[in-house]
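So the structure is just underneath, and the comments pick up after that.
Values in this text are rule-based calculations from the coordinates and carry no lab data. As the structure is a computational prediction, the values presented were derived from the model and not from experiment. Counting neighbours? That spans all protein chains shown, and the Cβs are built from the backbone with ideal geometry, glycine included.
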Amino acid sequence: MASSPHLGVTQPMLALARAAPYAALMIVAAYLYWLATQFEFPVVPGRLGPDAWPKIVLGLLLLTCAAGLVQSFRQGGQHADGSPAAPGRTALPGDIEIEEDLGPSRYGLVAMGFALFLAYPVALEYLGFPIATFLLMVLFMLVGQWRNIAAILLTSLIGTVVLFYIFRGIVYVSLPLGVGPFQSFTLWLPQLLRMT
């Protein structure tokens, strides 16, 4: 059984270490998905409810985690391109070459990206679809290291309006309204877009 000569760590142990973050995220996503199934709302025949969007996002996250788990156990001691890892060191998902080590940690960026998607379904209930989606897009691009703030804000604004128009005006999805002033904004936006 292969192991790291310096640490005495076996390949199965390293595979489990690689798989642990995916498993943890999968458990959290499954719990949030279960919570989304508990939403109480008036059912309108022929229209999706406000639980549809969180379920879609969490379902995609569950699929991503499942793929990550499979890849963690299949990869073994190889780099992402299939080349064998250097002696004494087993490659992990997201490993970067030495010349790239000065940049931000990819593990940290991936963790922040996952955290945003985990927080999104919760934010939907309090902030409503437009504001929660706008903030998700802005923060996700910042995590992705975009540095042009004007482009980030414009892209997020256009993306949010387009998604809102598609789901509310074309598909007739009952989107989360939010609470308090956020609910008022969500109800005012269709008037602004002449959707009513």
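Gain in length, residue 184 to residue 112, computed as 0.36 nm per residue apart minus the alpha-carbon separation, to one decimal in nm?
Stretched fully, the residue 184-residue 112 segment lengthens by 22.9 nm.
Compute the FRET efficiency between residue 191 and residue 119 as 1/(1 + (r/R0)^6), taking r as their Cβ-Cβ distance and R0 = 25 Å, and round to the nearest 0.05.
The pair residue 191/residue 119 has a calculated efficiency of 0.30.
Based on the Cβ-Cβ distance from residue 126 to residue 11, what FRET efficiency comes out when R0 is 35 Å, to the nearest 0.05?
Once the sixth-power term is evaluated, E becomes 0.20.
What list of ³J(HN,Hα) couplings, whole Hz, do you get for the range 132-142 from phi and the Karplus terms 6.51, -1.76, 1.60, once you set θ to phi - 60° and write x for glycine and proline?
Computed from phi, the couplings for the range 132-142 are 4, 5, 4, 5, 4, 5, 4, 5, 5, 5, 5 Hz.
In nm, give the distance between the simple-model label positions of residue 38 and residue 166, each being 7 Å from the Cα along the Cα-to-Cβ direction.
With each label point 7 Å from Cα toward Cβ, the separation is 3.1 nm.
As an exercise, take the mean of 1/r over every pair of distinct alpha carbons in the range 122-189, invert it, and state the Kirkwood radius in angstroms.
For the range 122-189, inverting the mean 1/r across all distinct Cα pairs yields 12.3 Å.
For the ranges 147-157, 10-20, what's the packing order if you count other beta-carbon atoms within 10 Å of each residue, average per peptide, and put the highest first?
Output ranking for 147-157, 10-20: 10-20, 147-157.
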